[in-house]
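The values are calculated or read from the model by the stated rules, or taken from the named source; none is laboratory data. If you're wondering where the values come from, they're calculated on a predicted model, not measured in any experiment. Glycine also receives a Cβ, built like all others from the backbone with ideal geometry; neighbour counts cover every protein chain displayed. These area figures cover heavy atoms from the full protein model, side chains too; ligands, DNA and RNA do not enter into them. Shrake-Rupley method; radii C 1.70, N 1.55, O 1.52, S 1.80 Å.
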Amino acid sequence: QVQLVESGGGLVQPGGSLRLSCAASRSIFSFTDMGWYRQAPGKERDLVAIITSGGTTNYADSVQGRFFISRDSAKNTVDLQMNNLKPEDTAVYLCNANDPITYWGQGTQVTVSS
């Protein structure tokens, strides 16, 4: 059973930054792709960013140029660097992995508020 554990969420002011990490129970390079999704109250779960096994990345239009997904092979994590955060980025952020079975983490809360 694959486990994904997110960390790094919290409360930040608009314009601030946060870095999320997703630790996997097996090699992050064993998955077809890994990514981050987010879900705000009363809204659907949306893709934020994804990275394939080959290193190709893709981002939602709303975060393009502000968020960056990367892999840390030493820590076996997939990280999401979030810059210039906006109140509309407030959501639970969930880590996702596919092999092609889909796995989800429990999520970490990100709140952007002054």
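Dipole magnitude for the chain: computed about the Cα centre from +1 point charges on Lys and Arg Cβ and -1 point charges on Asp and Glu Cβ, it is near 180 debye. Remark: region 69-83, residue by residue, has Karplus-estimated 3J(HN,Hα) of 9, 8, 10, 10, 5, 5, 9, 6, 10, 10, 10, 10, 8, 10, 10 Hz, where x stands for each Gly or Pro and the curve is 6.51 cos²θ - 1.76 cosθ + 1.60 at θ = phi - 60°. Backbone geometry of region 5-13 corresponds, through the Karplus equation with coefficients 6.51, -1.76 and 1.60 at θ = phi - 60°, to 3J(HN,Hα) couplings of 10, 8, 8, x, x, x, 9, 9, 7 Hz, x marking Gly and Pro. Summing charges over all other residues whose Cβ lies under 9 Å from the Cβ of Leu94, with Lys and Arg as +1 and Asp and Glu as -1, gives +1.
The label point for Arg19 and the one for Gln1, both projected 7 Å from the Cα toward the Cβ, are 3.1 nm apart. Carbon-plus-sulfur accessible fraction, region 13-114 (probe radius 1.4 Å, protein heavy atoms only): 47%. In percent, rounded to a whole number, the relative contact order of the chain is 37, using alpha-carbon pairs under 8 Å and six or more apart.
For the chain, the longest stretch holding no trypsin sites (Lys or Arg not before Pro) located in a DSSP loop with at most 15 other Cβ atoms within 10 Å is which? Walk me through the numbers before you get to the answer.
Numbers: sites that count: Arg26, Lys43, Arg66, Lys75.
The segment 76-114 is the longest one with no such site.
Using a probe of 1.4 angstrom and keeping all protein chains present, the accessible surface of the chain works out to 52 square angstrom per residue. Here the calculated FRET efficiency for Asp72 and Glu44, from their Cβ-Cβ distance with R0 = 22 Å, stands at 0.15, rounded to the nearest 0.05.
Note on region 5-67: dipole from Cβ charges, positive end direction compared against Ala49, Ile28, Gly16; the farthest Cα belongs to Gly16.
For the chain, what class follows from the C-alpha gyration tensor (a ≥ b ≥ c being the square roots of its eigenvalues): rounded when a/c is under 1.5, otherwise prolate if a/b is larger than b/c, else oblate? Mind dumping the intermediate values first?
Working: a/c = 1.74, a/b = 1.62, b/c = 1.07.
In terms of gyration-tensor shape, prolate.
Over all other residues within a Cβ to Cβ distance under 15 Å of Gln39, the charged ones net out to -2, with Lys and Arg as +1 and Asp and Glu as -1.
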